[in-house]
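Asker: To start, I am sharing the structure in question, which I have written as C-alpha cells.
We did not get these values from a lab; they are worked out from the coordinates using the rules stated. From a predicted model like this one, the values you see are computed outputs, not experimental measurements. As a convention, Cβ positions derive from the backbone with ideal geometry for all residues, glycine included, and neighbour counts pool all protein chains shown.
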Amino acid sequence: MMLRVLLSPLLVGVLALAYSAAAQGPPARGLADTVTVRSDSVREYRGLYETGFEVSWFHACDAKPGDDTWWVTLTNDALRQRDSLTKTLAGHPRALLVRWRGTVSPTMPMGAGHMGRGSRYMLVSEVVSVRASDENGCTSA
C-alpha cells in the first residue's frame, strides 16, 4: 500500500513532464488508426486491461504492434468506478475488456511501467465499462 502511495505521485510527475515536452513538439502518432492523437489529450480507449501483483497493463484495441502495452494508473475516481463495476463480475478475472477515458504519454524510448516492458504510460480518469475478457478480445461485441 505504501509503495502505491509513493508511486502514484511519481507517475503523475513523469506524465506531467512528458506532456509538457510533447506539447512543444508535433502530435504523437502512436495509434494504428489514421487520426492524429496528441499524447496529452483525453480520449476514449477500448482494449484489454491486465491487473494483479506488479501488473497494470493496457492493450488498446487500435494500437499498432510495438506500441500496444501501456502502464496504467487510475485516478481515485476511476479506481472507485473500476472497483464498483468489477464487483458484478463472477470470480476475480485478471484480464478485463474495458472502455475508459484517459491520457497517454508519448512513447517512452527507455520503456514504461514495471521493468520497462511498456511503450507508454496511461492515466485513466473515467471508467465507462468493464467486463471479463473472452477469447475474442477486441473483436467481441
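Asker: Rounded, prolate or oblate: which one fits the stretch 62-102, using the alpha carbon gyration tensor with axes a ≥ b ≥ c (rounded when a/c is under 1.5, else prolate when a/b beats b/c, else oblate)?
Answerer: Details: a/c = 2.62, a/b = 1.53, b/c = 1.72.
Cα axes put the stretch 62-102 in the oblate bin.
Asker: Can you check what the net charge comes to around PRO93, using other residues whose Cβ is under 11 Å from the Cβ of PRO93 (Lys, Arg +1; Asp, Glu -1)? Please list the in-between numbers first.
Answerer: On the way: positive: ARG94, ARG131; negative: GLU50, ASP134.
It works out to a net charge of 0.
Asker: Spelling out what I want: for every residue of the stretch 96-105, take phi, set θ = phi - 60°, compute 6.51 cos²θ - 1.76 cosθ + 1.60 (Karplus), and round to whole Hz; glycine and proline get x.
Answerer: 10, 8, 10, 10, 8, 10, x, 10, 10, 7
Asker: If you take every residue apart from VAL127 with its C-beta less than 10 Å away from the C-beta of VAL127, what net charge results, scoring Lys and Arg +1 and Asp and Glu -1?
Answerer: On the way: positive: ARG80, ARG82, ARG99, ARG101; negative: ASP77, ASP83, GLU126.
My count for the surroundings of VAL127 gives +1.
Asker: In nm, what is the difference between 0.36 nm times the number of residues separating CYS138 and ARG80 and their Cα-Cα distance?
Answerer: Difference between extended and current length: 18.5 nm.
Asker: From the Cα gyration tensor of the stretch 72-141, with a ≥ b ≥ c the square roots of its eigenvalues, which class applies: rounded if a/c is under 1.5, or else prolate if a/b is larger than b/c, or else oblate? List each step's numbers first, then the result.
Answerer: On the way: a/c = 2.02, a/b = 1.47, b/c = 1.37.
Prolate, since a/c reaches 1.5 and a/b exceeds b/c.
Asker: Next up: If you take the beta carbon distance between ASP62 and ARG101 as r and set R0 to 25 Å, what does 1/(1 + (r/R0)^6) give as a FRET efficiency, to the nearest 0.05? Intermediate results must be reported in sequence, preceding the final value.
Answerer: Numbers: r = 15 Å, r/R0 = 0.59.
For ASP62 and ARG101, the calculated efficiency is 0.95.
Asker: Relative to the present Cα-Cα distance, how much length would full extension add between VAL128 and MET115 at 0.36 nm per residue of separation? Walk me through the numbers before you get to the answer.
Answerer: Working: separation 13, 0.36 × 13 = 4.68 nm, distance 2.87 nm.
My answer for the length gained is 1.8 nm.
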